[in-house]
Structures are given as C-alpha cells and as structure tokens.
Amino acid sequence: MRHYGLIGKHLSHSFSKNFFTAKFANEEIDADYSLIELEDISTIDSIIAERELSGFNVTIPYKESIIPYLDELSPEAEAVGAVNCVVIKGGRKIGHNTDITGIEATIEWLDKSGALILGTGGASKAVQYVCKKHNIPFSIVSRDDKRGDYTYDTLTAEVIANHKLIINATPVGMSPLVEEAPALPYDAITDKHCVFDLVYNPAKSMLLSRAEEQGATTMNGMLMLQTQAIASWHTWQRAERELTEQTLVN
Ligand SMILES: NC(=O)c1ccc[n+]([C@@H]2O[C@H](COP(=O)([O-])OP(=O)(O)OC[C@H]3O[C@@H](n4cnc5c(N)ncnc54)[C@H](OP(=O)(O)O)[C@@H]3O)[C@@H](O)[C@H]2O)c1
C-alpha cells in the first residue's frame, strides 16, 4: 500500500482527506491519505521515513518554510516561492505548486482584463504568478502600504471600475468569522465584475454575497481546491511512472 498525506499545523477540518479517501475507495487504489499535524517543520524527514510517504500535500503554515528541507523545486514552485505538493522520488523530495493549476482552472471562467488581488501571502503570490503567466494586468491591495499598490482605505470607485476581476487571497470571511468581508467600496461593483474568493468555507462568503447583490459573477475556492488535489494526484502518479520506467531501463 502507498501512503500519502497532508502536512500542516491544525488539520481538524480537511477537505483533502475526504477527497483522497473517497477517490482511493471508488477507484480501488491501494493507498491511504492521512492528516499529519506538525508542531515544527524541521521534523519532516523523520515523518516521511516513519510513515513511508510516497508524496504529500503541504498547507498553512508550512508552504514556504518547507522549501529548505526539499532537494528540488519545479520551476513553478520556485517562481512562486511556495510548495503545496511534494513528490518523494528515489529518496529525493521534489516540491511542486498545484495551487497554480487550481487558480488557472477557476479564472478560466472569469474576466481577465485586469485583476485586483487582495492580500500578499502565499496564496496571493500564486495568484500573481498566474496573472503574469496569462498576461493579466493586476494590482495588489494590502493592509500595509509598503506591500501593495493600494491599502483598503485608498480603494475608490474608479479603482474598482478599472479592475473587473477581484480576487480575495486573504482569510477574511473564512469560518468561523463568516460575518466579515474585505473592506471594499461595494457600491462600485457592477454586473461587469467577477469576484473570485479563494475561501471555500463557507461556500458563499460575505464577500461573494455582497458582490452578488451588485450583480457580479462569483466563484468560491472549491474548484481551486478540487483541482489542486487532482493535480497533486497526477504529479505523484507521473513520478511513480517515471521511477518504474527508470527501473525497467536499468
Ligand atoms: N481554495 C483553495 O484551494 C485555497 C488554497 C490556498 C489558500 N486558500 C485560502 O486563501 C486564503 C489566504 O491563504 P494564505 O495562505 O495566503 O494565508 P495568509 O498567508 O495567512 O494570509 C494572506 C494575506 O492576507 C492578508 N490578511 C491576513 N489577515 C487579514 C485581515 N484580518 N484583514 C485583511 N487582510 C488580511 C495579509 O496580507 P497583508 O498583510 O498584506 O494585508 C496576508 O499576507 C486563506 O483563506 C486560505 O484558506 C484557498
């Protein structure tokens, strides 16, 4: 049996475990997926050995701090500076970023004329990478004027009018603080706007409710979450195939 898992700090409500457990059962794949809570990422090597992991996902707060413990990064993970999927291949740990695939799958359906990205953390960096890759002009909103192009109190109706795609890459509005929403001039949002909230719990955040009231097209983070999980599985499968081919050649 092959072993996979999710490394993070607090993992009590994980989509990934349910997703992979159902996938392995439905497709009769001889594998399991466990939730591995780590107090400190420096113990990662002993965890990989103990659990005989073939691959794992990484979540908050280790997507960036895991990088020094890896042997190699995919070009995309390197460019973003964050890893959410690790392949163990011939004893080497290779970091990938499949959040990118999830973001691409979501924005496929949305306006790409100009994006306003809220937040400057790891998820925001992956969104910025995707915008650059697809030639989508973007501006960044931060609470700190040194980190972004705008702070929330400088967002005018004109700024909103000039960015038809608004992407929330902050945790604002996430359960349990479901009454909260980013501080935007909501009256300026129109039916020409698309709003993508990376938050998926709740399914309809306060941001998405208020944007819908203005007539905007909305997407939550669920498609991104599902797509990154599927992309992680394909990444692990590809590594396994390559190893098998190498073994046959040798
Ligand atoms: N759907 C998916 O598959 C998926 C994947 C990854 C992440 N996510 C979600 O995306 C969100 C961000 O993830 P992350 O890992 O980038 O998180 P993070 O590093 O904790 O936060 C991202 C940024 O949000 C801003 N922020 C934090 N608290 C805020 C507050 N109270 N008010 C306003 N801004 C605040 C900060 O930027 P400034 O300090 O510059 O303002 C921070 O750098 C989370 O909700 C996460 O669950 C979803």
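In this structure, does Ser142 turn out to be within 8 Å of the ligand (Cβ to nearest atom), out of contact with any Asp or Glu (no Cβ under 6 Å at 6 or more places or on another chain) and among the polar types (S, T, N, Q)?
yes
If the Cβ limit is 7 Å and pairs must be 6+ apart or interchain, which residue in the stretch 216-232 that is β-branched (Val, Ile, Thr) pairs with which residue that is more than 7 Å from the ligand (Cβ to nearest atom)?
Here the result reads Thr217/Leu110; Thr217/Cys194; Thr218/Val195; Thr218/Leu208; Thr218/Ala211; Thr218/Glu212; Thr227/Thr101; Thr227/Ala105, each pair linking the stretch 216-232 to a residue that is more than 7 Å from the ligand (Cβ to nearest atom).
Examine the stretch 134-141 for a residue that is within 17 Å of Asn220 (Cβ to Cβ), in contact (Cβ under 8 Å) with a residue 24 or more places away in the chain, of a type outside the set (Ser, Thr, Tyr) and in contact with a Lys or Arg (Cβ under 9 Å, 6 or more places away or on another chain), and state whether such a residue exists.
No, that holds for no residue.
Can you tell me how many residues within the stretch 89-107 are closer than 15 Å to Cys131 by Cβ and modelled with pLDDT under 95?
Number satisfying all stated conditions: 0.
Do we find a residue being surrounded by 13 or more Cβ atoms within 10 Å (Cβ to Cβ), in contact with an Asp or Glu (Cβ under 9 Å, 6 or more places away or on another chain) and in a helix (DSSP H, G or I) anywhere in the stretch 180-188?
Within the stretch 180-188, one or more residues are surrounded by 13 or more Cβ atoms within 10 Å (Cβ to Cβ), in contact with an Asp or Glu (Cβ under 9 Å, 6 or more places away or on another chain) and in a helix (DSSP H, G or I).
Does the stretch 157-177 hold any residues that are under 17 Å from Glu212 (Cα atoms) and within 13 Å of the ligand (Cβ to nearest atom), and which are they?
Ile167, Asn168, Gly173 - these are the residues of the stretch 157-177 that are under 17 Å from Glu212 (Cα atoms) and within 13 Å of the ligand (Cβ to nearest atom).
If I ask for residues that are of a type in the set (A, V, I, L, M, F, W, C) and more than 15 Å from the ligand (Cβ to nearest atom), which ones from the stretch 94-108 would you list?
Matches in the stretch 94-108: Ile94 only.
For the stretch 195-215, what are the residues that are away from the ligand (no atom under 11 Å from the Cβ) and surrounded by fewer than 21 Cβ atoms within 10 Å (Cβ to Cβ)?
Pro202, Ala203, Lys204, Met206, Ser209, Arg210, Glu212, Glu213, Gln214, Gly215
Between a residue in the stretch 110-124 that is touching a residue at least 60 places away in the same chain (Cβ under 8 Å) and any residue that is more than 10 Å from the ligand (Cβ to nearest atom) and in a strand (DSSP E or B), which pairs come within a Cβ distance under 6 Å, given they are 6 or more apart or on different chains?
What qualifies is Leu110/Leu165; Leu110/Cys194; Asp111/Leu165; Asp111/Cys194.
The values are calculated or read from the model by the stated rules, or taken from the named source; none is laboratory data. Not measured: the values here are computed from a predicted model. A quick note on method: Cβ atoms are made from the backbone with ideal geometry, for glycine too, and the neighbour counts reach across all protein chains shown.
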